[in-house]
Amino acid sequence: MPVIRRNIVPLRYSDPSVVAYVRSPSDWMVSNCGWIRGREGVLLVDTCGTERDTLDLVSDVRKYSTVEMPLTLVLTHAHGTHHNGAGVALRNGGRILAAPTAVPIIRSGPQCNEEIFACANWGKLEPPRPEAVHAVIEPVEVDLGGVVVEVVPFPGTAHTDGDLVLFEPRTGTLFTGDLLSVGSTPFAVHGSIPGWLTALDWLDKMFPDVRTFVPGHGGLSHPGSFPVAVLRTYLHWLLDATASAGTPDFSELATIARRRWPTWTVPERHIGNLLRAHADQHGERLASAEAMRAIRDAAGGKIDLDTLLGLGKP
Ligand SMILES: [Zn+2]
């Protein structure tokens, strides 16, 4: 029984097909992907953090599409969980689309974050060919033959400084990347809390016809369950909790967050998010290494990905 489950969820069965690839339980290095297949091409949304998980993903995509189809890989942002497998996914060719600020990070290869993770089983994670990685400066439509996918960068800093989303209009499917987490503590250390709130308003305005959200982490969600409103409440709370001048007791606030959102996975992220919120609204610079150390300490030490993900087992 694998530690991490991967569920292939067809949102549209027939050609063109739209598939969400939901990995659970959501954790570090456990994020969602998806793909859309037209008559003339297949578009993959994000990769996985390790070689093995990405090869499993590519194998699943190929079961549902012709191997020879040109591959467009769209990376929602440059966090290792989502882009480490970029070179692996493009071993048989293809191109990558990403937000401009994400491009140099993706070109430089995988992020293994050794300051916070212990992992002996990343596998072989080569960077993609630099010329295969293209910046999406403004909204573009990718025509796959019988289906057109909208790839839309967020113009600002939110979860990171290079987030983009994908919308498939026929099914009303929005692949949000990590602009949305469902049932999993969001991760704001490399972004901006006020900017993320702006991005949520932008999502509502730009994509009023969403029928299914495919979040970066957690299960599929629908507008009726208000996933955007839930996240907005949390981000506002982070700002409220760190609003007063002076240095708050971040550990105590993180404990309050754990009680308020008790079912969310990866609660050690709260303290990093509180540090981010405090820095954002008091005009301070947050050293992300310092925030990552606080998260590591809240987790009780380095996070053992081999055990967490069941890596290194046959
Ligand atoms: Zn992320």
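The values are calculated or read from the model by the stated rules, or taken from the named source; none is laboratory data. Just so you know, these numbers come straight off a predicted model, no measurement behind them. Virtual Cβ from ideal backbone geometry, glycine too; neighbours counted across all protein chains shown. When the accessible area is computed, the model is the full protein with side chains, heavy atoms only, and any ligands, DNA or RNA have been set aside. Shrake-Rupley method; radii C 1.70, N 1.55, O 1.52, S 1.80 Å.
Residues checked against (1) crowded, with 16+ Cβ neighbours inside 10 Å; (2) within 16 Å of the ligand (Cβ to nearest atom); (3) closer than 24 Å to residue 140 by Cα:
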residue	(1), (2), (3)
39	no, no, yes
49	yes, yes, no
61	yes, no, yes
70	no, no, yes
93	no, no, yes
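Within segment 82-91, can you find the residues that are open to solvent by less than 30 Å² (accessible area, probe 1.4 Å) and away from the ligand (no atom under 16 Å from the Cβ)?
87, 88, 89, 90
Considering only residues that are hydroxyl-bearing (Ser, Thr, Tyr) and open to solvent by less than 50 Å² (accessible area, probe 1.4 Å), look in segment 1-21 and name the one that is modelled with the highest pLDDT.
Once the filter is applied, the top-ranked residue is 21.
Could you grab me the full set of residues in segment 197-222 that are modelled with pLDDT of 95 or more and in contact with a Lys or Arg (Cβ under 9 Å, 6 or more places away or on another chain)?
Correct list: 197, 200, 201, 217.
Among (1) within 16 Å of the ligand (Cβ to nearest atom); (2) hydrophobic (A, V, I, L, M, F, W, C); (3) surrounded by 23 or more Cβ atoms within 10 Å (Cβ to Cβ), there is one condition residue 147 misses while meeting the rest; what is its number?
Failed condition: (1).
For residues that are part of a loop (DSSP other than H, G, I, E, B) and either free of Cβ contacts under 8 Å to residues at least 40 places away in the same chain or farther than 12 Å from residue 81 by Cα (or both), scanning just segment 111-122, find the one that is least open to solvent (accessible area, probe 1.4 Å).
Step by step, filter segment 111-122, then rank; the result is 116.
Can you name the number of the only condition in (1) open to solvent by less than 20 Å² (accessible area, probe 1.4 Å); (2) on the phi < 0 side of the Ramachandran plot that residue 236 fails?
Residue 236 satisfies every listed condition except (1).
Filter segment 129-144 for residues that are open to solvent by 20 Å² or more (accessible area, probe 1.4 Å) and not basic (Lys, Arg) and give the result.
Residues satisfying the conditions are 130, 131, 134, 135, 137, 138, 139, 140, 141, 143.
Tell me, yes or no, whether segment 97-106 has at least one residue that is touching a residue at least 40 places away in the same chain (Cβ under 8 Å), open to solvent by less than 50 Å² (accessible area, probe 1.4 Å) and among the hydroxyl-bearing types (Ser, Thr, Tyr).
No - not one qualifying residue is present in segment 97-106.
Surrounded by fewer than 19 Cβ atoms within 10 Å (Cβ to Cβ) and closer than 21 Å to residue 113 by Cα: does that describe residue 249?
no
Quick check on segment 95-107: of everything there that is touching a strand residue (DSSP E or B) at 6+ places or on another chain (Cβ under 6 Å) and within 14 Å of the ligand (Cβ to nearest atom), which residue is nearest to residue 174 (Cα to Cα)?
The qualifying residue nearest to residue 174 (Cα to Cα) is 99.
Which residue is nearest to residue 269 (Cα to Cα), if the candidates are limited to segment 208-229 and must be of a type in the set (A, V, I, L, M, F, W, C) and buried (at least 18 other Cβ atoms within 10 Å of the Cβ)?
Among them, the one singled out is 228.
List the residue pairs whose Cβ atoms are under 7 Å apart, where the first residue sits in segment 136-151 and is outside any loop (DSSP other than H, G, I, E, B), the second is surrounded by 20 or more Cβ atoms within 10 Å (Cβ to Cβ) and hydroxyl-bearing (Ser, Thr, Tyr), and the two are 6 or more positions apart or on different chains.
142/72
Output the residue which, of all residues in segment 24-37 that are open to solvent by 10 Å² or more (accessible area, probe 1.4 Å) and touching a helix residue (DSSP H, G or I) at 6+ places or on another chain (Cβ under 9 Å), is nearest to the ligand (Cβ to nearest atom).
Taking the candidates together, the pick is 28.
Could you tell me which of the residues 233, 247, 212 is hydroxyl-bearing (Ser, Thr, Tyr) and in contact (Cβ under 8 Å) with a residue 40 or more places away in the chain?
212
Out of the residues in segment 300-314 that are assigned to a loop (DSSP other than H, G, I, E, B) and either free of Cβ contacts under 8 Å to residues at least 40 places away in the same chain or open to solvent by 50 Å² or more (accessible area, probe 1.4 Å) (or both), which is farthest from residue 115 (Cα to Cα)?
Step by step, filter segment 300-314, then rank; the result is 314.
Name the residues in segment 269-293 that are surrounded by 20 or more Cβ atoms within 10 Å (Cβ to Cβ) and without any contact (Cβ under 8 Å) to a residue 60 or more places away in the chain, would you?
271, 274, 278
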